[in-house]
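Take a look at the structure below.
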Amino acid sequence: MAPTEDEKYQPKDAVHIGLYNGMAYGGVGLFIAAVKNSLARQNVGPWNTFTKHGHIIAIFAAAGGSFEFTRAASANLREKDDHWNDGIAGFVAGAIIGLRSGRFPRIVGWSTMTAAAAATYAYAGGSLVGYLKPTGEEEYERKEKLRLNRRRPVEETLAEIGEGRGIKPPGYEERRRQRIKEKYGIDINPVCADPDAA
């Protein structure tokens, strides 16, 4: 079955996404390196963030940028936006993380672990609570259905909380007048403020 005009894949600018996210993840790496530098036992200057902990910044920037670039590029090549793109991107990002060790088994291990984690997370709908399939209905309509499904009858609510305090079911005024007459002996005659009423 061929996709319709509305369902066709819209290509993404992989280079722009990769560079933008590389800078963003590099900023996260810079923050972590600065925190690590500030927790040093000896008195070091601010440039130590780049000289001693610069590898943290580089790994974060390279792994984050390559993950987002590969995800967008594989989505463009496959013309599908699904969890396999995240798995492929996770494999590349994991390889970059494992490159620092310089050992091939660690590179493969990091790649496999990161690919499995990224693909599973994307398959679960990008949420830790489970896969939420889009139903296609508007949020307002969905909430209205939930309200109708859980709505209780008025009689049940009145039996539970009672009348008064702004809750005035049919016949409330007559019952109120009767209660006042029984308790206090005062007869209340309602007066209509409408001059046209007979």
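The values are calculated or read from the model by the stated rules, or taken from the named source; none is laboratory data. What you see is a predicted model; the values in this text were computed from it and never measured. As a convention, Cβ positions derive from the backbone with ideal geometry for all residues, glycine included, and neighbour counts pool all protein chains shown.
Going by the structure shown, is residue 63 aliphatic (A, V, I, L, M), under 24 Å from the mean Cα position of the chain (by Cα) and closer than 15 Å to residue 118 by Cβ? Quick ask: steps written out before the conclusion?
Details: aliphatic (A, V, I, L, M): yes; under 24 Å from the mean Cα position of the chain (by Cα): yes; closer than 15 Å to residue 118 by Cβ: yes.
Answer is yes for this residue.
Within the option set 64, 90, 102, being farther than 20 Å from residue 17 by Cα and of a type outside the set (S, T, N, Q) holds for one residue only, 102. Does the stretch 66-73 contain at least one residue that is of a type outside the set (A, V, I, L, M, F, W, C) and over 23 Å from residue 98 (Cβ atoms)? No: zero hits. In this entry, residue 24 is excluded by the filter for residues that are more than 21 Å from residue 121 (Cβ to Cβ) and surrounded by fewer than 18 Cβ atoms within 10 Å (Cβ to Cβ). The set of residues from the stretch 73-94 being in contact (Cβ under 8 Å) with a residue 60 or more places away in the chain and buried (at least 21 other Cβ atoms within 10 Å of the Cβ) comprises just one member, 75. Among 70, 51, 112, which is of a type in the set (S, T, N, Q), surrounded by fewer than 19 Cβ atoms within 10 Å (Cβ to Cβ) and modelled with pLDDT of 90 or more? After applying the criteria, what remains is 112. Picking from residues in the stretch 27-48 that are loosely packed, with under 15 Cβ neighbours inside 10 Å and among the polar types (S, T, N, Q), the one that is farthest from residue 102 (Cα to Cα) is 43. Of all the numbered requirements in (1) under 30 Å from residue 72 (Cα atoms); (2) surrounded by 10 or more Cβ atoms within 10 Å (Cβ to Cβ); (3) modelled with pLDDT of 80 or more, residue 126 misses one, and that requirement is (3).
When you scan the stretch 54-67, how many residues do you find that are without any contact (Cβ under 8 Å) to a residue 40 or more places away in the chain and surrounded by 19 or more Cβ atoms within 10 Å (Cβ to Cβ)? Please lay out each step first, then the result.
Here is the first cut: in the stretch 54-67, the ones without any contact (Cβ under 8 Å) to a residue 40 or more places away in the chain are 54, 56-58, 60-61, 63.
Now restrict to residues that are surrounded by 19 or more Cβ atoms within 10 Å (Cβ to Cβ): 56-57, 60-61, 63.
Of the residues in the stretch 54-67, 5 are without any contact (Cβ under 8 Å) to a residue 40 or more places away in the chain and surrounded by 19 or more Cβ atoms within 10 Å (Cβ to Cβ).
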